[in-house]
1. When Cβ neighbours within 10 Å are restricted to other protein chains, what is their mean count per residue of peptide B:98-105?
2. State, to one decimal in nm, how far the label point of B:L132 lies from the label point of B:A226, with both points 7 Å from Cα in the Cβ direction.
3. Determine the principal axes of the Cα atoms in the range B:204-328, then give the extent along each, sorted from largest to smallest and rounded to whole angstroms.
4. Have a look at B:L186, B:L98, B:L143 and tell me which one the Gaussian network model of chain B (Cα, springs below 10 Å) gives the largest fluctuation.
5. Determine the shielding of peptide B:318-325 by partner chains: average, over its residues, the number of Cβ atoms on other chains within 10 angstrom of each Cβ.
6. In Å, the Kirkwood hydrodynamic radius of chain B over pairs of distinct alpha carbons?
7. Taking Cα atoms, how many degrees apart are the long axis of helix A:30-41 and the longest axis of chain A, rounded to 10 and kept between 0 and 90?
8. Starting from the Kirkwood Rh over alpha-carbon pairs, what translational D in µm² s⁻¹ does the protein assembly as shown have by Stokes-Einstein at 25 °C and 0.890 mPa s?
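Where a number appears in this text, it was derived from the coordinates with a stated rule and is not lab data. Just so we're clear, the structure is a prediction, and the values are computed from it rather than from any experiment. So basically every Cβ, Gly included, is an ideal-geometry build from the backbone, and we count neighbours across all protein chains shown.
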Amino acid sequence: MADWPLFEVFIRSKHGLNHKHVGSVHAADRRMAIENARELYTRRNEGVSIWVVPASEITASSPDEKEPLFDPSNDKVYRHASFYKLPKEVGHM
Amino acid sequence: MYAQLVETGSNKLKTLDEMSPEERQFQERINDEIKIEPKNWMPDAYRKTLIRQISQHAHSEIVGMLPEGNWLTRAPTLKRKLQLMAKIQDEAGHGLYLYSSMETLGADRDEEIDKLHDGRAKYSSIFNYPTLNWADMGTIGWLVDGAAIVNQVPLQRTSYGPYARAMIRVCKEESFHQRQGYQILLTMMQEGTDDQKAMVQDSINRFWWPALMMFGPSDENSPNSAQSMAWKIKRHSNDELRQRFLDQTVPQLELLGCTAPDPDLKYNQETGHYEFGEIDWQEFFDVVKGNGPCNRERIEARRSAIDNGAWVREAAVAHAAKRQHRAA
Ligand SMILES: [Fe+2]
Ligand SMILES: [Fe+2]
Ligand SMILES: [Fe+2]
């Protein structure tokens, strides 16, 4: 399999959700990657659409960047609905 | 149990104080049930142990197709044949989910498969027993996949993210395996001739003990367990899982109207558990070391599948190159 590159596989389930990463397959090319992914990850109606992406084409954030990337959103509590306290009379909003 | 003997490289646990800062942070993350993901720092021993464990597990799924493949062409009806084929295809899938999660640790799939073929890597002892009659297809689904389920359900919470997620997919598919197996036996016992019923009992007699051995050595002979449990790549001890399996299986055995080849098997009113006789550990270690009834045949079958399939893989690459050339 050494000459068969690795592809990451994303599947969209029936209910209109986003494509979701499910795993990976080796294949000679993209088209075969779709066929292999179909065989491996959708044997029981798990999806209605498949994306495959060469694993080497994916750029990922690194765990060391966790703080600079994600900490700034922590102190912005005003971005959450629960931050805004309203009187009971307003009811559900 | 699909990974019965996994060397961790250490049989003494470090305390948090003895750990380097990185290692300590890693262990605390595990203690807090936060998953370890591929890009996170991890101790070398954790990575190596996991590669060993996941590859053993994957090899077991792949080699595990062989005993059942033996009966595909002789299934008694088309319906049974289709069911068995679907079950075997799932096992191929399990192997592939696992190899794919193993690759996230930086392991090379071909290299790990080479280790299987030259005897450096193990797979579950259970697949080194022959399948001699049709009832064996039922017994394997019921007992072997049943034992696999008991082992794999807790692994859905294992500390390594990609392994845990592969286990979730696997577990979703396993209950079909066990039910189709049990139904084969039930049909033979309820609608079969005397000869067919005898076949079921014979099959249970042969697979009973090997199924119990699937959980690996007894706890006092599992020096690597403490480290694996601390890393949460193993969540219950071998004996604990074996007992769980036995407790759920004996009532199913009775419902079939069959017996176990164990004169010491009995229910203990006080503990609420079944007690069983001594496992033949000599047999277990012989099979694990490569001297079971079918070890050589199994590895030979795997090797020739890879070798004889080489031209297909090469042709696929050539075809892909041609297609790309045409498109350019
Ligand atoms: Fe499986
Ligand atoms: Fe299995
Ligand atoms: Fe299975």
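1. 3
2. Spacing of the two 7 Å Cα→Cβ label points: 4.3 nm.
3. Principal extents (largest minus smallest coordinate, Cα): 76, 37, 30 Å.
4. B:L186
5. 3
6. 21.2 Å is the Kirkwood radius here.
7. 70
8. Translational D for this selection: 103 µm²/s.
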